Amino acid sequence: MGELGKIHQLLIHLGGYTATLNLETMIMTWIVLTCLIVFGFMTARKRALKPGPLQVVGELLVANLYTLTEDAMGKELARKYSPMISALFLFLLLSNWIGLIPVCEEPTKDLNTTLSMGSMVFVVSHYAGIRAKGLKAYLKGYFDPIFFMAPLNIIGELAKVVSISFRLFGNIMGGSIIVLVITHLCYSLILPPLLNAFFGLFAGTIQAFVFTMLSIVYISVMVN
Amino acid sequence: MTDIQTWVNASSFASAGIAIGFGAIGAAVGEGYAASQAAVAIGSRPEQSGDILKLMLVGQAVAESASIFALVVAMLLLFTQQSPHLINVSVCLAAGICMGFGAMGSGIGSGFPAAAACVGTARQPAAGGRLMTNMLVGSAVCQTPAIFSLVIAFILLFTDFSDRPLSPTWAAILGAGISTGLAAIGPGIGGGLVAKASCEGVARHPANAAPVTNLMLLGQAVTQTTAIYGLLISFILIFRIFPETETLSRPMALLASGICMGLGAIGPGVGEGFAGMAAVDWLSRNIRAAGELTRTMLVGQAVAESTGIYSLVIALIMIFVF
């Protein structure tokens, strides 16, 4: 229980500034990335008309995520953004699942991870909006009903980043706290596997999917 | 004159009562509603009673989890010894209020999809498996506001506030608890309404299950936005270190910012739930209107949310300007 809220940090002093690195989060993120790269390499290595088992899994994932993107954005944009969406979903999925392995911690339990993902979606969606509508129409959107609504519209846009990243962070953090505390209270008997299955596998999948869906919607709302 | 330890203990007992007392309200209402609709369903189709009963019990188990979170917090408040420091009186109260109110909305909300799934199985027995999946997903997402409250309650209980100045910090902590606690009520109920419509929709048209579930997730996610504003205000109030002050106006501003955000989030949560409910309902009836329905839902929810954003702005002004 004493471990709750403790973070292993590496402080680097560079000419007056202090850079803080959350070591566990970084190591886990790199493990997730390595797994994904190996998975991608394995699925695409032996490509054949009659696919092997790994290729089928890869094709299923990519095809489903592509259809999801296409339904919301249309064909042209989907070709452009579905690789990013697929990568985002797979990264978040594996990040939420990795907590099932005893020593590992979910990288998404750290607000820094989710907030950076949220900011990425924010930047990409606004870039897509400017590209599709032009700068003038994009800026005009902020003064939409009446001109003095502009500050509230801007806060509304910034609140999107907060909402998308805090949702993922809060859920994963909450899940891991519940697993830790109830495991402690029941002396690790019977309950922990069930809790892990619910909060790690089930809720983790749902939250990764919700994050991905919201990213798709944010982009398509900015474009249309 | 009683010593500080007595005050801290008294506060932790009172907060344990608040946590599980208020926390028991929501889940009981939700589970009762699920049971009532299960009775309706079995009455209309007695030969399906086994399936309906199973579905009802699973749905009620998920609805109960919000109350179990409150129970865990209450047990921790009772059995962990808080150090004798005056700030811990406020910490215990804030954790109790946060979890007690936070469990209310999610409990009521996740009863709705369980009820709709029971009625749906009676109407469309063949869709049983899909209904179960849809109900589980819907009610699991409904729990999100309660999980936020749990996170805040735990952060409050396990952070050491003893080196902070007492004067504004007690109000900031209390405000943080109230903010997330109250803000969880509306989105919990609203998310339940969306999930209810989607369970009805899957039963009505099992072939459209995938788009209906997707729109449900989207509607619920947007509905929860105001709960997340409450969470944001709580985080700011907990982690920002406020300088010591003699006056009472500064603590009151911090306390009020929590109350402001908490109360302001209730209405938008329920309102956005209505928007999502109708959109999901009509998606299952008319799948060809998917694009228009999604857009209308999102725009409507964004407008309904604007009052929540007003509360957020005022709360932020009270924290950072006054």
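The values are calculated or read from the model by the stated rules, or taken from the named source; none is laboratory data. Predicted model only: the values in this text are computed from it and were never measured. All Cβ positions, glycine included, derive from the backbone under ideal geometry; neighbour counts span all protein chains shown.
Taking region B:141-172, which residues are farther than 15 Å from B:C98 by Cα, facing chain A (nearest Cβ under 8 Å) and part of a helix (DSSP H, G or I)?
Correct list: B:V141 only.
Could you check how many residues of region A:180-193 are touching a residue at least 12 places away in the same chain (Cβ under 8 Å) and more than 8 Å from chain B (Cβ to nearest Cβ)?
Going through region A:180-193 one residue at a time, the tally reaches 4.
Listed residues B:G191, B:G175; which is in a helix (DSSP H, G or I), more than 14 Å from chain A (Cβ to nearest Cβ) and buried (at least 24 other Cβ atoms within 10 Å of the Cβ)?
B:G175
Determine, yes or no, whether B:S11 is among the hydroxyl-bearing types (S, T, Y), modelled with pLDDT of 90 or more, out of contact with any strand residue (DSSP E or B) (no Cβ under 8 Å at 6 or more places or on another chain) and more than 25 Å from B:C199 (Cβ to Cβ).
Answer is yes for this residue.
Would you mind stating whether A:V162 is closer than 25 Å to A:S116 by Cβ and within 8 Å of another protein chain (Cβ to nearest Cβ)?
yes
Need pairs with beta-carbon distance below 6 Å; first residue hydrophobic (A, V, I, L, M, F, W, C) and within region A:194-219, second outside any helix (DSSP H, G or I); sequence gap 6+ or separate chains.
Cβ pairs passing all conditions: none.
Please work out which residue is nearest to A:I155 (Cα to Cα), limiting yourself to region B:200-234 and to residues that are free of Cβ contacts under 8 Å to residues at least 40 places away in the same chain and within 11 Å of another protein chain (Cβ to nearest Cβ). Let's see the steps before the verdict.
The first filter runs over region B:200-234 and keeps only residues free of Cβ contacts under 8 Å to residues at least 40 places away in the same chain, leaving B:207, B:210, B:214.
So of that shortlist, the ones also within 11 Å of another protein chain (Cβ to nearest Cβ) come out as B:210, B:214.
On the way: B:A210: 33, B:N214: 27 Å.
If we take residues in region B:200-234 being free of Cβ contacts under 8 Å to residues at least 40 places away in the same chain and within 11 Å of another protein chain (Cβ to nearest Cβ), then B:N214 is nearest to A:I155 (Cα to Cα).
Tally the residues that are surrounded by 24 or more Cβ atoms within 10 Å (Cβ to Cβ) and over 27 Å from the mean Cα position of the chain (by Cα), restricting the search to region B:33-74.
The number of residues fulfilling the criteria is 1.
Scan region A:43-50 and give yes if some residue there is at pLDDT 90 or above and either under 14 Å from A:F211 (Cβ atoms) or not polar (S, T, N, Q) (or both), otherwise no.
no
Being buried (at least 20 other Cβ atoms within 10 Å of the Cβ), at the interface with another protein chain (Cβ under 7 Å from one of its Cβ atoms) and without any contact (Cβ under 8 Å) to a residue 24 or more places away in the chain narrows it down to one of A:G170, A:G156, so name that one.
A:G170
Restricting attention to region A:128-145, which residues are in a loop (DSSP other than H, G, I, E, B) and either in contact (Cβ under 8 Å) with a residue 60 or more places away in the chain or of a type in the set (G, A, S) (or both)?
Within region A:128-145, just A:G134 meets the criteria.
Is there any pair linking a residue in region B:248-267 that is in contact (Cβ under 8 Å) with a residue 12 or more places away in the chain to one that is of a type in the set (F, W, Y) and crowded, with 20+ Cβ neighbours inside 10 Å, with Cβ under 9 Å and at least six apart or on different chains, and which?
From region B:248-267, the pairs are B:P251/B:W170; B:L255/B:W170; B:M261/B:Y229; B:G262/B:F101; B:G264/B:Y229; B:A265/B:Y229.
Under 7 Å between Cβ atoms, which residue pairs at least 6 apart in sequence (or on different chains) link something in region B:129-140 that is at the interface with another protein chain (Cβ under 10 Å from one of its Cβ atoms) with a partner that is of a type in the set (F, W, Y)?
Partner pairs satisfying both residue conditions: B:A140/A:F202.
Could you check B:D3 against (1) of a type in the set (D, E, K, R); (2) farther than 18 Å from B:M135 by Cα; (3) buried (at least 22 other Cβ atoms within 10 Å of the Cβ) and say which number it fails?
(3)
Pick from region B:76-90 the residues that are facing another protein chain (nearest Cβ under 10 Å) and touching a residue at least 12 places away in the same chain (Cβ under 8 Å): which of them is nearest to B:G26 (Cα to Cα)? Outline the logic, then answer.
Keep residues of region B:76-90 that are facing another protein chain (nearest Cβ under 10 Å), which gives B:76, B:79-80.
So of that shortlist, the ones also touching a residue at least 12 places away in the same chain (Cβ under 8 Å) come out as B:76, B:80.
Working: B:L76: 21, B:T80: 26 Å.
Residue satisfying both the conditions and the ranking: B:L76.
Would it be correct to say that B:A197 is at pLDDT 95 or above, away from chain A (no Cβ under 13 Å) and either surrounded by 24 or more Cβ atoms within 10 Å (Cβ to Cβ) or over 24 Å from the mean Cα position of the chain (by Cα) (or both)?
Spelling it out, B:A197 is indeed at pLDDT 95 or above, away from chain A (no Cβ under 13 Å) and either surrounded by 24 or more Cβ atoms within 10 Å (Cβ to Cβ) or over 24 Å from the mean Cα position of the chain (by Cα) (or both).
Would you mind telling me which numbered condition in (1) within 20 Å of A:I27 (Cα to Cα); (2) modelled with pLDDT under 90 A:K140 fails?
Evaluating A:K140 over (1) within 20 Å of A:I27 (Cα to Cα); (2) modelled with pLDDT under 90 leaves (1) as the failure.
A quick yes/no check of all residues on (1) at pLDDT below 95; (2) closer than 27 Å to A:F211 by Cβ; (3) surrounded by 24 or more Cβ atoms within 10 Å (Cβ to Cβ); (4) out of contact with any helix residue (DSSP H, G or I) (no Cβ under 8 Å at 6 or more places or on another chain):
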{"residue": "B:G120", "(1), (2), (3), (4)": "yes, no, yes, no"}
{"residue": "B:Q124", "(1), (2), (3), (4)": "yes, no, no, no"}
{"residue": "B:C142", "(1), (2), (3), (4)": "yes, yes, yes, no"}
{"residue": "B:D163", "(1), (2), (3), (4)": "yes, no, no, yes"}
{"residue": "B:L166", "(1), (2), (3), (4)": "yes, no, no, no"}
{"residue": "B:W170", "(1), (2), (3), (4)": "yes, no, no, no"}
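Which residues, counting only those in region A:91-126, are out of contact with any helix residue (DSSP H, G or I) (no Cβ under 9 Å at 6 or more places or on another chain) and modelled with pLDDT of 90 or more?
A:V123
Which number in (1) crowded, with 20+ Cβ neighbours inside 10 Å; (2) more than 7 Å from chain B (Cβ to nearest Cβ); (3) over 17 Å from the mean Cα position of the chain (by Cα) marks the one condition that A:I177 misses?
Every listed condition holds for A:I177 apart from (2).
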